Amino acid sequence: MADQSKEKPGGQQAEVADRPPVAAPRMRQRAPALTKAELRAQAAQALASATKPIVKLPTKLVRQCGRCGEFCSVMVEPGETPPEFKCKSCDAAQRR
């Protein structure tokens, strides 16, 4: 096992790997780096050329009561201020 090579007839030794050398992978040419101003201009152009409008959807706020630990969720439309927190179980018990 110490000898890893194979013997050919005639007393010559051949290497274990009789493969052609592997070619190095091609390196891709990189474009020169863009400045921040050029990147901003590209971003503005991409937003202007977008055909699909950006739609803001309602947000679901999930909050936890400090007294009883129950979770309460509220849907808030974009631009609206979130309503004051009201616990369904604690506030309902106090009203009775």
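Only the coordinates and a few stated rules stand behind these numbers; no lab work does. This structure is a prediction, so every number in the text was calculated from the model and none was measured. Heads up, the Cβs are rebuilt from the backbone with ideal geometry, glycines too, and the neighbour counts pull from every protein chain shown.
Using r as the Cβ-Cβ distance of residue 36 and residue 59, and R0 as 30 Å, what FRET efficiency do you calculate, to the nearest 0.05? Spell out each step's value before the answer.
On the way: r = 31 Å, r/R0 = 1.05.
The value I calculate is 0.45.
Given 0.36 nm per residue, what is the gain on full extension from residue 88 to residue 44 after removing their alpha carbon distance, in nm?
My answer for the length gained is 11.2 nm.
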